[in-house]
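> My structure is below; once you've seen it, I'll send some questions.
The values are calculated or read from the model by the stated rules, or taken from the named source; none is laboratory data. This is a predicted model, so every value here is computed, not measured. As a convention, Cβ positions derive from the backbone with ideal geometry for all residues, glycine included, and neighbour counts pool all protein chains shown. SASA here: full protein model, heavy atoms, side chains in, ligands and nucleic acids out. Shrake-Rupley method; radii C 1.70, N 1.55, O 1.52, S 1.80 Å.
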Amino acid sequence: MTSVAVIAFDGISPFHLSVPSLVFGRSGTGVDDVSPYDVRVCAEDPGTLSTAAGFDITVRDGLDTVSTADLVVFPGWIRDTGISPTLNEAVHTAHATGARLVGLCLGSWAIAATGLADGREVTTHWAAADALAMAYPDVRVRADTLWSDLGDVITSAGVAAALDCCLHIVRTDLGVRAATELARSLVTAPHRHGSQAQYIPIAMPDDDPDDPIECAMAWARARLGTAVDLDHWSREALMSRRTFTRRFRDRTGTSPQQWLLQQRVDHARLLLESTDDTVDRVARDTGFGSTVSLRHHFHRVLGTSPAAHRAQFRGAAQ
């Protein structure tokens with residue numbers, strides 16, 4: 001079991017507090033199998049805490065839960081507020097023993113306050129980014145991404161991006177299939193890449209009720225094992241290459257080529273986790289063409305090799 005300490009505080013948003021329980025604890029998701037995460041909500045001063053929604057909650061666990069956790073989650077924080085020496089010590093103790101720190105939305109503010117992100121990069125809600133950068137000038141603050149994963153420090157933008165970030169952690173820990181099934185139960189997208197922009201200007205749909213970009217994405221997903229030429233792809237969408245590229249970026253926040261690469265890497269992950277196909281076969285079936293190309297892109301996107309990912313996934317599943 002992976003122990004998860006979710007840090008609550010007076011005035012917390014109930015929505016943000018519920019996200020780790022939904023994703024890691026599977027509370028209220030309708031998923032029947034037992035979660036491999038042991039989720040505990042804790043507070044520096046256990047007892048009754050107020051919420052931003054006008055009702056109170058009761059928290060039983062204290063900071064001892066933080067010190068021994070594998071995953072420490074700040075599901076939010078009070079803007080322009082640091083953290084107490086007691087909480088700081090508990091977080092540092094957990095981090096020193098290998099715990100990952102997760103800051104959702106303004107939770108990145110609490111992580112910045114620990115000093116553990118100095119000289120490094122965090123993501124936060126775009127509306128708080130400038131203030132966070134001014135408060136902690138040693139931290140590089142991103143407001144143009146949904147989430148970022150440094151390995152030991154994982155941070156996200158707000159609201160829906162917090163779900164994306166937690167699902168990313170599940171994908172990392174348990175694999176594509178587990179995260180996709182969980183996302184289905186939550187009725188949310190199974191994966192939005194962390195580099196996607198927080199704010200994407202969505203164009204108004206044409207008179208045609210079908211979304212041509214969505215149709216083009218479905219067309220490409222069905223052909224991941226074959227070469228997808230951009231000119232051919234744009235013609236399938238009945239657009240010029242230039243118009244297609246512009247509207248695709250407006251729709252997704254990324255280029256058609258980068259989106260397609262991510263789809264291929266995701267499909268390769270799924271095949272490595274769910275089949276005994278050789279890496280050569282996986283490379284062919286996902287459109288990379290060669291093992292060398294698959295290894296290159298797999299490592300660039302995920303920081304590991306296909307063989308190492310398969311071994312790690314199967315070891316974790318046992």
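> Between Ala96 and Asp144, what length comes free when the chain is fully extended (0.36 nm per residue of separation minus the Cα-Cα distance, one decimal in nm)?
Here the answer is 14.3 nm.
> Calculate for the chain the 222 nm mean residue ellipticity that helices alone would give, adding -39,500 (n - 2.57) per DSSP H run of length 4 or more and normalising by residue count, nearest 500 deg cm²/dmol.
Calculated from helices alone, the mean residue ellipticity at 222 nm is -13500 deg cm²/dmol.
> Let me ask something additional. For Arg142, list long-range residues whose amide hydrogen, built 1.01 Å from N in the peptide plane, is under 5 Å from its own amide hydrogen.
Long-range HN contacts for Arg142: Val122, Thr123, Thr124.
> Dipole size in debye (nearest 20) for the chain around its Cα centre, Lys and Arg Cβ +1, Asp and Glu Cβ -1?
Computed about the Cα centre, the dipole is about 1040 debye.
> Among the trypsin sites (Lys or Arg not before Pro) in the stretch 34-121, which ones are in a DSSP loop with at most 11 other Cβ atoms within 10 Å of the Cβ? Mind listing them?
Counting only loop positions with at most 11 other Cβ atoms within 10 Å, the trypsin sites (Lys or Arg not before Pro) in the stretch 34-121 are Arg60.
> Further, regarding this structure: P(r) for the stretch 29-96: what percent of alpha-carbon pairs falls in each 5 Å bin, starting at zero?
3, 14, 20, 24, 19, 12, 6, 2, 0
> Show me, for the stretch 43-56, the HN-Hα J-couplings you get by feeding each phi into the Karplus relation (A = 6.51, B = -1.76, C = 1.60, θ = phi - 60°), rounded to Hz, glycine and proline as x.
In residue order, the calculated couplings are 8, 5, 10, x, x, 8, 10, 7, 10, 5, 8, x, 10, 9 Hz.
> Using a 1.4 Å probe on the protein chains only, how many percent of the accessible area of the chain belongs to carbon and sulfur?
After summing per-atom areas, the C and S share lands at 52 percent.
> Sticking with this structure for a sec: Would you list the P(r) distribution for the chain, with all Cα-Cα distances sorted into 20 Å bins from 0 and each bin expressed as a whole %?
30, 55, 15, 0
> Taking the convex hull of the Cα atoms, report for the stretch 66-141 its projected area averaged over all directions, in nm².
If I average the Cα hull's projected area over directions, I get 4.4 nm².
> If a paramagnetic tag sat 7 Å from the Cα of Ala160 along the Cα-Cβ line, which residues of the stretch 225-256 would have the backbone N under 15 Å from that point?
Under cut-off, by backbone N: 250-254.
> Mind listing the phi-derived Karplus ³J(HN,Hα) values for the stretch 292-297, rounded to whole Hz, using 6.51, -1.76 and 1.60 with θ = phi - 60°, and x for any glycine or proline?
4, 5, 4, 4, 4, 6
> Here's another thing I want to ask about it. Using the crude model of +1 on Lys and Arg Cβ and -1 on Asp and Glu Cβ, and no other charge, please compute the dipole size for the stretch 1-81 relative to its Cα centre, in debye to 20.
160
> Within 10 Å, at most 14 other Cβ atoms, and a DSSP state outside H, G, I, E, B define an exposed site. Report the longest part of the chain free of exposed chymotrypsin sites (Phe, Trp or Tyr not before Pro).
Of all site-free stretches, the longest is 56-198.
> For the chain, what is the accessible area per residue in Å² when the probe is 1.4 Å?
Per residue, the chain has an accessible area of 48 Å².
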